[in-house]
Amino acid sequence: MPMTTPSYSTLFRTFGQIGITSFGGPAAQIALMQRVLVDEQRWLSQDQFLRALSFCMLLPGPEAMQLATYAGWRLRSVAGGVLAGALFVLPGALVIAALALAYGAFGARPETQALMLGVKACVIVIVAQALIRLSQRALGSLTAIALALGSFFAIFALNAPFPLVIALSAAVGYWTSKNDVAEDVPEVTGKTKPSVLVLWALAWLAPLPILWLCDQTLLFELSAFFAKLAVVTFGGAYAVLAYMAQEVVQNRAWLETGQMVDALGLAETTPGPLILVTQFVGMLTGYVQGGLGFALVAGVLTLWMTFVPCFLWIFAGAPYVETLLGRPRLSAALRAISSAVVGVILNLSLWFALHVAFADIGTWSAGPLTLPAPVLSSFDWQILPLLALATVMLVMLRLGVLTTLLVCAALSWFLV
């Protein structure tokens, strides 16, 4: 615990500031919390922060939001965790709501598509950067490389379900570990009462029977899908996006490929967790099916089903962080998942880049293999200067994501 327990007003100001300024994806958000929580406020030690981050990476869902929730829990128990987690999400959720409604009304206009081309070019570079950083950290052995390549092939060429790929990778890591003898590490005090966990679980799933009884088929399907997404999506935001794109576009046909690509691009422009793209997808699906009111209800339900379980995971597991991280087999399973996620994000990178660069993409099939086959004549040459500009700004000049997105959007307007 910190030397002095901060007041709720101090927590509100601090985590509100983090929520408003947390642009740039999970890596930038974690760095921001490191600076504020460890270096400036000294509410967590460096070791506590790193252990908490490792724990959050074990969990399904957005690790940055869960890290904020854990920090709030350490400072002011369950109430502090709710406050910190909610403030990390709400500013971005309000921006996403406005963007989703505007896109639903104006997304098909040529002016909007001209701006979106620059945003999407920037996102290609952002996802490539995330892939390189994760590869450097996760691919330290031949086994890790094999898991990454295997997961990429399974999803890209065989259209294998994401949860199956992650489960098999975790099993490989777990059972190939030498032992599971926990190290002698302390356990955090302040366990969450079981009744609190039961209430959180019931609150999370409560919309499902209500929607089913009210015969709201689409809202029920949306809620059930995002509830499932909250449970099975390990490996960070980009891994979640890969699975969601596969389901929303290919399997459920709620959105077209171009709309899903635009959703990811716009989600990069907002503060808060990147997984807020789920809210955009839910609202856009609702807007297409039933207009403004339906979109707002779909957005609230998507937020609820996506983020309420994050509080449940943290409150249930936070007292056991040190004990869990001392299990070699559990750590090995996490490392295997991280390796597999490299392949998952590589699949997302290629899928996104192909659909941005080519207007027409067919398929080539041979037995169980199904590969994309872009029509070369449909290549959009305007993407090349935009990619070059985004690379210079993000990689060479190390400028901020929001600045780069705005400049690339302006250039794409000029080109188109």
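The values are calculated or read from the model by the stated rules, or taken from the named source; none is laboratory data. Predicted model only: the values in this text are computed from it and were never measured. FYI the Cβ positions are ideal-geometry reconstructions off the backbone, even for glycines, and counts take in every protein chain you see. Protein only, heavy atoms only, side chains kept; ligands, DNA and RNA dropped before computing areas. Shrake-Rupley method; radii C 1.70, N 1.55, O 1.52, S 1.80 Å.
Take region 64-80 and flag every residue that is over 12 Å from Ala318 (Cβ atoms), small (Gly, Ala, Ser) and surrounded by fewer than 24 Cβ atoms within 10 Å (Cβ to Cβ).
Listed by number, the list holds a single entry, Ala79.
Checking the condition part of a helix (DSSP H, G or I), over 30 Å from Ser169 (Cα atoms) and open to solvent by less than 60 Å² (accessible area, probe 1.4 Å), which residue from Leu94, Leu83, Leu90, Leu44 passes? Lay out the reasoning, then the answer.
On the way: Leu94 fails: open to solvent by less than 60 Å² (accessible area, probe 1.4 Å); Leu90 fails: open to solvent by less than 60 Å² (accessible area, probe 1.4 Å); Leu44 fails: part of a helix (DSSP H, G or I).
Result: Leu83 is the single residue among Leu94, Leu83, Leu90, Leu44 that is part of a helix (DSSP H, G or I), over 30 Å from Ser169 (Cα atoms) and open to solvent by less than 60 Å² (accessible area, probe 1.4 Å).
Can you confirm whether Leu301 is assigned to a helix (DSSP H, G or I) and open to solvent by 40 Å² or more (accessible area, probe 1.4 Å)?
no
Would you pick out the residues in region 277-298 that are open to solvent by less than 10 Å² (accessible area, probe 1.4 Å) and either over 17 Å from Gly258 (Cβ atoms) or among the polar types (S, T, N, Q) (or both)?
Result: Thr278, Gln279, Gly282, Thr285, Gly286, Ala295, Ala298.
Here are some conditions: (1) surrounded by fewer than 23 Cβ atoms within 10 Å (Cβ to Cβ); (2) in a helix (DSSP H, G or I). Ala108 meets all but one. Which one does it not meet?
Here Ala108 meets the rest and fails (2).
For Thr192, only one of the following conditions fails: (1) hydroxyl-bearing (Ser, Thr, Tyr); (2) under 23 Å from Leu350 (Cβ atoms); (3) at pLDDT below 80. What is its number?
Of the numbered conditions (1) hydroxyl-bearing (Ser, Thr, Tyr); (2) under 23 Å from Leu350 (Cβ atoms); (3) at pLDDT below 80, the odd one out for Thr192 is (2).
Can you confirm whether region 176-189 contains a residue that is modelled with pLDDT of 85 or more, in contact with a helix residue (DSSP H, G or I) (Cβ under 7 Å, 6 or more places away or on another chain) and of a type in the set (Gly, Ala, Ser)?
There is no residue in region 176-189 that is modelled with pLDDT of 85 or more, in contact with a helix residue (DSSP H, G or I) (Cβ under 7 Å, 6 or more places away or on another chain) and of a type in the set (Gly, Ala, Ser).
Would you mind telling me which numbered condition in (1) in contact with a Phe, Trp or Tyr (Cβ under 9 Å, 6 or more places away or on another chain); (2) surrounded by 22 or more Cβ atoms within 10 Å (Cβ to Cβ) Cys310 fails?
Single failed check for Cys310: (1).
For residues that are open to solvent by 50 Å² or more (accessible area, probe 1.4 Å) and hydroxyl-bearing (Ser, Thr, Tyr), scanning just region 190-221, find the one that is nearest to the chain's Cα centre (by Cα).
Thr217
Filter region 138-181 down to residues that are buried (at least 17 other Cβ atoms within 10 Å of the Cβ) and of a type in the set (Phe, Trp, Tyr), then give me how many there are.
Going through region 138-181 one residue at a time, the tally reaches 4.
Condition test on Leu131, is it within 18 Å of Ala245 (Cα to Cα), open to solvent by 80 Å² or more (accessible area, probe 1.4 Å) and at pLDDT below 90?
No; evaluated as a whole, the condition is false for this residue.
Quick one: count up the residues across region 222-250 that are within 13 Å of the chain's Cα centre (by Cα), modelled with pLDDT of 85 or more and farther than 20 Å from Met57 by Cβ.
Residues in region 222-250 being within 13 Å of the chain's Cα centre (by Cα), modelled with pLDDT of 85 or more and farther than 20 Å from Met57 by Cβ: 1 in total.
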